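The values are calculated or read from the model by the stated rules, or taken from the named source; none is laboratory data. Every value quoted in this text rests on a predicted model; they were computed, and no experiment measured them. Cβ coordinates were reconstructed from backbone atoms using ideal geometry, including for glycine residues, and neighbour counts include every protein chain displayed.
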């Protein structure tokens, strides 16, 4: 065999070996990039939608392009859109793609992160996302961010989400998750006899843009994180009695058809 042929064959063998070694790493990187890209596309489409809405007033806006994510908690791993999610099994422990057993800390950190990403890409409640409505009735459009389910060998419950959100800080930030959800409120106001009264005095259950319907999660149930818009009827808008308002809701999956008249995705 000629020296040139041997050299070429050696190079090919080295390339194949390197590909086999590096493929898992490339696959993980691609999964992260793909997930981030989907959220970036969503955020851009939301901003575009809101801007078009502001310029056109009553006209219908462009489509919102937001993909639903699917999170599954297993006995030894968490997946998002069929890709493993790195989590820490306990506070201050290094993140890993596997764990010994599913616990409150793992569940709460994943749910908190999904809530954060949803509220962030939807404009944090600070922009008017949905188009104006010609209808004379209230309208409640929604965008689903994440559906959550369990694939475990034994039934269990997980608690403490509310405390986690009040205690832990957002990624690369100096405020807690709950502070992040509340920093850009768009509250609804009632005008009564010329006096502006905060909506929280009337709707005490909805005292924050973040509305957790549950603090205990059951492995036998499915859950959902979604962005909820309240669009008042035309008369209320014209008289400035009510204004558009937006919320981040975490609830059981069956809750969404009861709240949302229209779901974008």
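Observations on the structure shown:
- Output for region 62-96, where each listed residue is within 19 Å of residue 158 (Cβ to Cβ) and in a loop (DSSP other than H, G, I, E, B): 75, 76, 77, 85, 86, 88, 89, 90, 91, 93, 95
- Residue within region 77-100 that is closer than 30 Å to residue 231 by Cα, in contact with a strand residue (DSSP E or B) (Cβ under 9 Å, 6 or more places away or on another chain) and modelled with pLDDT of 90 or more present: no
- Among (1) surrounded by fewer than 20 Cβ atoms within 10 Å (Cβ to Cβ); (2) touching a strand residue (DSSP E or B) at 6+ places or on another chain (Cβ under 9 Å); (3) not in a loop (DSSP other than H, G, I, E, B), the one test that residue 163 misses: (2)
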